[in-house]
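Q: Quick one: the structure is below, and I'll ask about it shortly.
The values are calculated or read from the model by the stated rules, or taken from the named source; none is laboratory data. The shown structure was predicted, so the numbers you read here are calculated from the model rather than taken from an experiment. FYI the Cβ positions are ideal-geometry reconstructions off the backbone, even for glycines, and counts take in every protein chain you see. Note: areas computed on protein heavy atoms with side chains; ligands, DNA, RNA excluded. Shrake-Rupley method; radii C 1.70, N 1.55, O 1.52, S 1.80 Å.
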Amino acid sequence: MSVGPTPDDPERPFLPPDEDSDRLFLPPDNDPDRLFPPPDNDPDRLFLPPDDDLAPNRPGEVLRTHLAAHPLDGPALFAARLLARRPVQDEWRHRLAAECAVGAELERLGRGGWHVLHSLPLPPGSEISHLLIGPGGVFCLATEYVRAALVRADTTDVRPGRGRRPQPYVRRARQRADRATYALTRACGFPVPVHPVLVLIGPRHIERLPNRSGAEGPGADRSGAEPLADADAKGDDADVRLVLGAQAVTALGALGGVLTPATADRIHTVARNRRTWQGI
């Protein structure tokens, strides 16, 4: 039986929002706030079934499910030691701790008019770690735990060190943001650009490698604030913000001037609906 493309497969067909025949259009004045009633009277929020509401999701819901279904019991620990490998549950725990740390920092931005959602499912088995919606726009955050003090990054991969396989974290972050852009634009009826952010937990330094055009990137960077742009991608949304450490994500709260409170609230209402993410 053939296996279909994964959600992070770059060859997976993707329908841009502008080519979606079911996409709704704004009135001539392009004012999205006129399309919707005030947030307190939003029927989508009032009548959202509890099973379809993703707002209660905690950071790392998928990892919590894996750990509950596959506890580190005697046989699993024995097999890991026999193969001289770390139990996969150790990796899950580190990733869960990383997502919880980032989620806690994002929740602090709520006082500034930001909304945050965690563990949004992407079929057929992927997820968005965190979705941040507020005055500065919409951000799709991918949290990754890396066991290395220094990592190297280019426009597609993060390289943890010598002798270790590169991980396509940058490409995955960009692809998930593209899918979020499509899903939210389709459901909202107006363009919703989603910007990718890759949060690395563990490393202290990042060295940027030359991009595909051959230009030299900046050297080791403590903040990870510089975006990584894919030379083959189109538009500013192709830039992936690279962030080191959970506390650094709070810098996104200083951004503004993109969404009105009513528009941000509408996008949040749509994003928390499980059906928004089906069929993308």
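Q: Would you mind getting me the FRET efficiency between residue 274 and residue 70? Use the beta-carbon distance for r and R0 = 25 Å, nearest 0.05. Intermediate results must be reported in sequence, preceding the final value.
A: Details: r = 25 Å, r/R0 = 0.99.
With R0 = 25 Å, the Cβ-Cβ based efficiency is 0.50.
Q: With a sphere of radius 14 Å drawn around the Cβ of residue 201, what net charge do the other residues whose Cβ falls strictly inside it have (Lys, Arg +1; Asp, Glu -1)?
A: 0
Q: Here's something else I'd like to know. Please calculate how many Å² of accessible area region 62-207 carries per residue, with a 1.4 Å probe and no DNA, RNA or ligand atoms counted.
A: 43
Q: In the calculated pair distance distribution of region 105-162, what percentage of Cα-Cα distances lie above 13 Å?
A: Result for the distance tail: 69 percent.
Q: Which is farthest toward the positive dipole end of region 130-216 among 194, 148, 210, measuring Cα position about the Cα centre, with Cβ charges +1 (Lys, Arg) and -1 (Asp, Glu)?
A: So the residue we want is 148.
Q: So, one more: What is the distance, in nm, between label points placed 7 Å from the Cα along the Cα-to-Cβ direction at residue 204 and at residue 90?
A: Label at residue 204, label at residue 90, 2.1 nm between them.
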